[in-house]
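As structure tokens, the structure follows; a few thoughts come after it.
Only the coordinates and a few stated rules stand behind these numbers; no lab work does. The model shown is predicted, which means the values in this text are computed figures rather than measured ones. Note that we place each Cβ from the backbone using ideal geometry, even for glycine, and neighbour counts take in every protein chain shown.
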Amino acid sequence: MGKSLFINNQYNSFKKTISIDGDKSISIRTLLFGSQAYGKSNIENILLSEDILNSIKCLKRLGVKISLNKKNCFVYGKGLNGFKYKKNITLDAGNSGTFARLILGLLVKSPYYIKLIGDESLSKRDFERVILPLQKIGANFKVSDKKTLPLKIIGSPFINPIHYSENIGSAQVKSTVMLAALNSPGQTVIKAAKSRTHTENFFRYLKIPITIKKNKKYDEIKIKGQKLFKSFKYTVPSDPSSCAFFIVLTLLSKNCELKIKNVNINESRIGYVKVLNRMGAQIKIKNIKKKYGEKQADIFVKSQSNLKKINCPPSLNSNLIDEFLIIFLVAAKAKGVSSFKNLDELNKKESPRLKLGSKILNKIGIKTILTKNSIKIYGNPNLKVNKKILINKYYKDHRILMTSVIAGLVFNGKWIIDDAACYKSSFPSFLNIIKKLGYKFNLT
């Protein structure tokens, strides 16, 4: 077992401006696109989390030259399918579901079996959702009946453009098919339920042939494959999912104000801001600009004592799937009963997050009604914890850990969180920012 984090917090107020680490979803995509471009791509402010470092190691095993200079990353691509394939390559994705699923789309022409593995948490997650479309494209797999890692993939010299319906609302599945389409002749058509749009924005920025027709529920994406693209320069904005923890910390504390600079505010990533504002948060987004097809801005938030319940529209779910845990803390402090539905995907992340989120709320004295895919949270605006709270057996899920830290800081009590290093997989400066805001904790 790793180090444990101890929080025995006293009241703290702050008025600060902070910067958050680079966006994880975009950082992974810059590496993948850089590996397929011709020439030297320059990526600034790349996230240096364990997930990204594992992604870099995997790409290096595929023969891609990558160098790091602080938060600047240089990727030396050799064009489409420019990997150096060898026999008996094993790629260890660590905890990153995004990299593990997306890299499979770029391996559809591998002449040898490549083994993909991950840590204990990632090895429990579903890969059938990407295996099925990649099989239609031409790849073959050796995988267990559970369709989880480890697995082996071998490609084919004959890659098929396909028509595919992605009904889950998974950006990872959609992106995997889009990346595979880079190597296929003809036109690939994807009818995709609404999800994050970073991959589409990269296609447009790099001038890879793509057309998108949007309606309320689906996007129809058409891609012409086998089109070469040049190296690029990209400055990664701050990660909105990481910002959410500090937005909620400010919101639920007293006499606090926070400005977060240069945040990615892609519409498919800030659903949680819409939800929190419906609950009375009054979060403001200012200084909006657009770069690389992505909107960026500064986010302003103040403490708010009169928070209200929400019946969260399921149509927003895919835009805030990583932020539900932290939203649950706001519901715990709000007046009334909040309800959240159609949360099947929440239990298919690094841990059964819906179940664990409910368990944390119960530990601090909040009543919940839980089903397999929904939760009702009975808020208590006067909630204060006066006991010891132990967080363990949580699958080393980084978002469970960070949510627990924020809960400990705003609800009081004595918190002990085991295996506390797992936040480094996505947000390595998390605890340093907590310190900068004036909070104290012990890590032993």
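Side notes on the structure shown:
- For region 107-177, the number of Lys pairs with C-alpha atoms closer than 13 Å, counting only pairs eight or more positions apart or on separate chains, is 5.
- Along region 404-416 the Karplus relation, 6.51 cos²θ - 1.76 cosθ + 1.60 evaluated at θ = phi - 60°, assigns HN-Hα couplings of 5, 4, 4, 4, x, 6, 9, 9, 6, x, 9, 9, 10 Hz to successive residues, with x for each Gly and Pro.
- Spin-label pair Lys87/Gln226, simplified geometry with 7 Å Cα→Cβ offset, distance in nm: 3.0 nm
- Label-point separation, Lys355 to Leu68 (7 Å along Cα→Cβ), nm: 3.4 nm
- Toward the positive end of the charge dipole of region 24-235, with +1 on the Cβ of Lys and Arg and -1 on the Cβ of Asp and Glu, the farthest Cα among Phe229, Ser67, Pro111 is that of Phe229.
- Sites excluded, chymotrypsin sites (Phe, Trp or Tyr not before Pro) in DSSP loops with at most 10 other C-beta within 10 Å, longest stretch of the chain: 159-444
- Under a model in which nothing but the beta-carbon of Lys, Arg (+1) and Asp, Glu (-1) is charged, region 44-173 shows a dipole of about 560 debye around its Cα centre.
- Net dipole in debye of the chain [+1 Lys, Arg Cβ; -1 Asp, Glu Cβ; about Cα centre; nearest 20]: 540 debye
- HN-Hα J in Hz across region 119-130 - Karplus 6.51, -1.76, 1.60, θ = phi - 60°, x for Gly and Pro: 6, 4, 5, 5, 6, 9, 8, 6, 10, 4, 4, 9
- Of the residues Ile416, Tyr205, Ile321, the one whose Cα sits farthest towards the positive end of the charge dipole of the chain is Tyr205 (charges of +1 on Lys and Arg Cβ, -1 on Asp and Glu Cβ, taken about the Cα centre).
- Under the criterion of Cα pairs below 8 Å and six or more residues apart, the relative contact order for the chain equals 19 percent.
- For the chain, radius of gyration divided by Kirkwood radius, i.e. Rg to Rh on alpha-carbons: 0.96
- The H on the amide N of Ser253, modeled in the peptide plane, is under 5 Å from the matching H of Gln304, each at least 5 residues off or on a different chain.
- Radius of gyration and Dmax over the Cα atoms of region 24-235, both given in Å: 15.8, 46
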